[in-house]
1. If you go through the range 88-135, how many residues are within 21 Å of Ile68 (Cα to Cα) and loosely packed, with under 13 Cβ neighbours inside 10 Å?
2. Confirm whether Trp108 is among the hydrophobic types (A, V, I, L, M, F, W, C), closer than 30 Å to Lys62 by Cα and at pLDDT 85 or above.
3. Can you tell me which residues in the range 60-81 are modelled with pLDDT under 75 and either loosely packed, with under 10 Cβ neighbours inside 10 Å or closer than 23 Å to Asp105 by Cα (or both)?
4. From the set of residues in the range 116-130 that are assigned to a helix (DSSP H, G or I) and without any contact (Cβ under 8 Å) to a residue 24 or more places away in the chain, which is nearest to Glu86 (Cα to Cα)?
5. Could you list, in sequence order, all residues of the range 5-21 that are modelled with pLDDT under 90 and either in contact with a helix residue (DSSP H, G or I) (Cβ under 6 Å, 6 or more places away or on another chain) or surrounded by 10 or more Cβ atoms within 10 Å (Cβ to Cβ) (or both)?
6. Residues Val84, Val57, Val51: which one is in the same structural domain as Pro112 (by TED's automatic domain parsing) and at pLDDT 90 or above?
Amino acid sequence: MVDKIQTSLWLRKELKHIVDNESLNLSQFVNDSLEKYFSVSSVEDIDKKLVKLRENVATLEKRRGDLIGQGVAETRDGAVANVVLEEMKRYYIARRNQDASGVVDEAWISSPKNLQRCKQIGREPLEILKEIREWYDDIQENNG
């Protein structure tokens, strides 16, 4: 404690309650806040930091746009839903290769496993079946 001095300060009651409830080390908080506040000594320093932050934001926004453009889901749940839907499409192709008519599609989508998959995707089974059929028809049209 050679380079430290003791001082006192006045806090409003509600702020003191926050400090107590959060178990903050008030001395450390004040020291850190003051160091951050005074670490920038000129407008030029602030401008440089702002430019760097803007560049970082621009880079992150571009990366986000690239990921969305690639069809990467925005959330973890969305990513799981995409994987499950792709799995269902693979199964649908295998089914249709065995039975080209697609007459029993509604029975297929209503199977317990597929109902569970539909729940994971978060959509109604018939809605998913319609999307998969349209996707399959597009593939057949483009390949045929």
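The values are calculated or read from the model by the stated rules, or taken from the named source; none is laboratory data. For clarity, every value in this text was computed on a predicted model and none was experimentally measured. Note that we place each Cβ from the backbone using ideal geometry, even for glycine, and neighbour counts take in every protein chain shown.
1. Total satisfying the criteria: 1.
2. The answer is no for Trp108.
3. Answer for the range 60-81, where residues must be modelled with pLDDT under 75 and either loosely packed, with under 10 Cβ neighbours inside 10 Å or closer than 23 Å to Asp105 by Cα (or both): Gln70, Gly71, Thr75, Arg76.
4. Filtering first and then ranking leaves Cys118.
5. Passing the criteria: Leu15, Lys16, His17, Ile18, Val19, Asp20.
6. Working: Val57 fails: in the same structural domain as Pro112 (by TED's automatic domain parsing); Val51 fails: in the same structural domain as Pro112 (by TED's automatic domain parsing).
Of the residues listed, the single one that is in the same structural domain as Pro112 (by TED's automatic domain parsing) and at pLDDT 90 or above is Val84.
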